[in-house]
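Please read the structure below before turning to the comments.
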Amino acid sequence: MAEKRKRTILIVEDEPVFRLIYRGVFEHGGYTVLEAVDGEAGWESALGDKPDLVLLDLILPKFSGYEVLQRIRKEPGIKDMPVVIFS
């Protein structure tokens, strides 16, 4: 029987304590969690890792959350990727 793939969530958040909290909640729920500490790293991870969901802070170093979201929506391979904005 084929092994079921764990869903992946990318957390783009510059505050370490929030990343820690979110990681714990989602890993406990059975998700694979990726983290990015700024907008540039978040964009690169969204593009390269293609997570199932992005949790995106708006106020970030390097690229803002707005810019990350705009880039995702313009990129053909990931433009329909679900993104939840929080700030």
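The values are calculated or read from the model by the stated rules, or taken from the named source; none is laboratory data. Owing to the predicted nature of the structure, the values given are computational and were not obtained by experimental measurement. Cβ: placed from backbone, ideal geometry, glycine included. Neighbour counts: every protein chain shown. All accessible areas refer to the heavy atoms of the entire protein, side chains included, with ligands and DNA or RNA removed. Shrake-Rupley method; radii C 1.70, N 1.55, O 1.52, S 1.80 Å.
Can you pull out the residues in the stretch 7-51 that are open to solvent by 20 Å² or more (accessible area, probe 1.4 Å), part of a helix (DSSP H, G or I), touching a residue at least 24 places away in the same chain (Cβ under 8 Å) and under 22 Å from Gln70 (Cα atoms)?
Ala41, Trp43, Leu47, Asp49
Here are Val84, Val54: which of them is assigned to a strand (DSSP E or B) and surrounded by fewer than 13 Cβ atoms within 10 Å (Cβ to Cβ)?
Working: Val54 fails: surrounded by fewer than 13 Cβ atoms within 10 Å (Cβ to Cβ).
From the options Val84, Val54, the qualifying one is Val84.
Taking the condition of being open to solvent by 40 Å² or more (accessible area, probe 1.4 Å) and in a loop (DSSP other than H, G, I, E, B), how many residues in the stretch 65-81 meet it? Outline the logic, then answer.
Step one: list which residues in the stretch 65-81 are open to solvent by 40 Å² or more (accessible area, probe 1.4 Å), which gives 66-67, 69-71, 73-77, 79-80.
Next, from what is left, pick out any that are in a loop (DSSP other than H, G, I, E, B): 75-77, 79-80.
Summing the residues that are open to solvent by 40 Å² or more (accessible area, probe 1.4 Å) and in a loop (DSSP other than H, G, I, E, B) in the stretch 65-81 gives 5.
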